[in-house]
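Student: Pasting a structure here, questions to come.
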Amino acid sequence: MKNYKHVYINGQWIEPSGRDHADVINATTEDVIGRVPLGDAGDADRAVRAARAAFDGWSQTSPLQRAEWIAKIAGGLEARAAEAAQLISAEVGTPIAWSQYAQAGAPVAHFAVAAQLLGEFAFTEHVGHSEVLREPVGVVACITPWNYPLTLIAAKVAPALAAGCTVVLKPSEVAPLTAYLLAEVIHEAGLPPGVFNMVPGVGQVVGEALASHPQVDMISFTGSTAAGRRVGELGARTIKRVALELGGKSAAIILDDADFASAVRGAIAACYLNNGQTCFAHTRLLVPRGRMAEARAIAAQAVGGMKVGNPLDEQNTIGPVISALQRARVRDYIRQGIEEGAELVTGGPDAPAGLTHGFFVRPTVFAGVTPDMTIAREEIFGPVLVMLAYEDEDDAVRIANDSIYGLSGAVWSSDAERAKRVARRLRTGRVDINGAPFNLLAPFGGYKQSGNGREFGKYGLEEYLEYKAVQMPAE
Ligand code: NAD
């Protein structure tokens, strides 16, 4: 049991003024496995002041000095990667193999990439008689969700520190344990006090205090569209830069010339990652009407055969969702799908056989889904795939784009040029062709209500930089 009592401010572990705490629950056993304090507005204020005081010094360090510190953090996280993967599989329910890769490996990569970029990035360029400087935005508040708790923290904190910004992190109160692990690693790396601060707390208290704080220059938020909207409103009052990474309802389009067996299986893999709790999951599967029966049969077999159970057992590909609340939400969506007339291909709202304990949901597939149904429109954030029929390529693009979201998507075709043509018509920040792997260096972020701004690689670094133009007189 991890029993944390402190928050991390100005290079020290201090007692928070907030008196409440949050219990961290193992999603499989429902046991309490940790406890963290919940900060209050006073803690947020202390952290922001520490970050403000540290900004002048940190922003004046050279990129290579910062690279050394950031590389040390990458090394420290790497040394504790196995521990991070176990913690997150317990908190979130992520199957262990995916946890090792995407929950514990990716954060190391984000810090390593940030350190490497500092050796290459042009912080100065010349335009006519102007010197154009890239300078850090200032104090950045990072607010992060529970589904990829450490990865999404790293995707913000690494480039923010690399840019020369100082940081206050408010991790998710639901999966906060690896935020402590990161703070310990950063403390050991010996960053100057105040450069990185961490205050757990609930969104309405610490999150809103940070989003409203006049001395915070930028908020980088990942989470639900509803909370992002609130953060955007609060940030607007002091004209903060606000970067939002929000929800999604991404579509995988299987074109009629695709290899169906691999396309349907590939699309399914991209839907059920992390038990469906992935913002860029391909949760809508668009299939030519004439081939729906074939696609449905493949999906029924692939998803019906998924092994559900303890995420620490490598044989299981689906673990529990994070909480009783999330389980109830996902099951409600499944019931609503049935009520609205969708055809249940496999799964359903009951507990999976033999799993009456833990927050398990049966991996579920719906066919006969129409674009107006709730399950086709709203982000479910659980192991649920909806299959929609389309008439032709234009219709597929129209259905895919008929969403308030625009985070990701996929096109499957045996003709790469055709797939690219369709990809260009999708109003989303990413499109994967024929199951291409994830790229941590390419920009990640959303169109429409999936957010604004981009993370990862040099695009992520640029988010934390201002432009300054310095004009030189003629010689
Ligand atoms: P959430 O919006 O409930 O919480 C996210 C964070 O915001 C938490 O730290 C929470 O405490 C904080 N928060 C909540 N209300 C707030 C408020 N009023 N002011 C300030 N902060 C507030 O989201 P969640 O349930 O933790 O995560 C799931 C959501 O995150 C899904 O919608 C998912 O799609 C989205 N997500 C998006 C991305 C992306 O990169 N686009 C990545 C992962 C998750």
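Student: Can you tell me the 0 to 90 degree angle between the C-alpha axis of helix 149-163 and the longest principal axis of the chain, rounded to 10?
Tutor: 40 degrees
Student: Nearest 10 degrees is fine. How inclined is helix 63-79 to the longest principal axis of the chain, computing both from alpha carbons?
Tutor: 50 degrees
Student: Can you pull the one-decimal nm distance between simple spin-label points at A469 and Q204, each 7 Å off the Cα toward Cβ?
Tutor: About 4.6 nm, to one decimal.
Student: Starting from 0.36 nm per residue, how many nanometres of slack lie between I14 and D372 once their C-alpha separation is accounted for?
Tutor: Separation in residues times 0.36 nm, less the Cα-Cα distance, equals 123.8 nm.
Student: Counting each DSSP H run of 4 or more residues in the chain as -39500 (n - 2.57), what helix-only mean residue ellipticity at 222 nm follows after dividing by all residues, to the nearest 500 deg cm²/dmol?
Tutor: Helix-only estimate at 222 nm: -11500 deg cm²/dmol.
Student: Tell me the trypsin sites (Lys or Arg not before Pro) within region 222-280 that lie in a loop according to DSSP and have at most 11 other beta-carbon atoms within 10 Å.
Tutor: Passing both the DSSP loop test and the Cβ count: R237.
Student: Hey, got the dipole for the chain? About the Cα centre, +1 on K and R Cβ, -1 on D and E Cβ, debye to the nearest 20?
Tutor: For the chain, the charge dipole is close to 340 debye.
Student: Return, ordered by residue number, the residues of region 105-143 whose backbone nitrogen is under 16 Å from a label point located 7 Å along Cα→Cβ of N439.
Tutor: From region 105-143, the list is empty.
Student: Based on the Cβ-Cβ distance from D257 to A300, what FRET efficiency comes out when R0 is 25 Å, to the nearest 0.05?
Tutor: 0.60
Student: Find how much the distance from Q215 to L64 grows on full extension, using 0.36 nm per residue of separation minus their present alpha carbon separation; answer in nm with one decimal.
Tutor: Length difference between fully extended and current span is 51.6 nm.
Student: Okay, next question. Students often get this wrong, so check it: of K307/K458; K249/K468; K170/K458; K72/K249, which have C-alpha atoms separated by over 31 Å?
Tutor: Exceeds cut-off: K307/K458; K249/K468; K72/K249.
Student: Can you give me the long-range amide H partners of Y390? Hydrogens built in the peptide plane at 1.01 Å from N, cutoff under 5 Å, separation of 5 or more residues or another chain.
Tutor: The answer is V287, R289.
Student: Among all the aspartates and glutamates, which ones have a C-alpha under 17 Å from K448's C-alpha, if same-chain residues fewer than 8 places away are not counted?
Tutor: The qualifying aspartates and glutamates are E233, E245, E378, E379, D402.
Student: Charges only on Cβ, +1 for Lys and Arg, -1 for Asp and Glu: so what's the dipole of region 251-439 about the Cα centre, in debye to the nearest 20?
Tutor: Charge dipole, region 251-439, about its Cα centre: 400 debye, nearest 20.
Student: At a threshold of 8 angstrom on Cα-Cα distance, excluding pairs fewer than six apart, so keeping six or more, what relative contact order does the chain reach in percent?
Tutor: 18 percent
Student: Next question, about the same structure. For the Cα atoms of the chain, what angle does the longest principal axis make with the long axis of helix 81-92, in degrees from 0 to 90, nearest 10?
Tutor: Taking Cα atoms only, the helix is inclined about 60 degrees.
Student: For labels at D56 and R418 in the simple 7 Å Cα→Cβ model, what's the distance in nm?
Tutor: The modelled label-to-label distance comes out at 6.4 nm.
Student: Okay, next question. Report, ordered by chain and residue number, the aspartates and glutamates lying within cross-link reach of K420, taken as a straight Cα distance under 13 Å and ignoring same-chain residues fewer than 8 apart.
Tutor: Cα-Cα hits under 13 Å: E393, D432.
Read-outs: derived from the displayed coordinates by stated rules, not from any lab. Not measured: the values here are computed from a predicted model. Note that each Cβ is placed from the backbone with ideal geometry, even for glycine, and that neighbours are counted across all protein chains shown.
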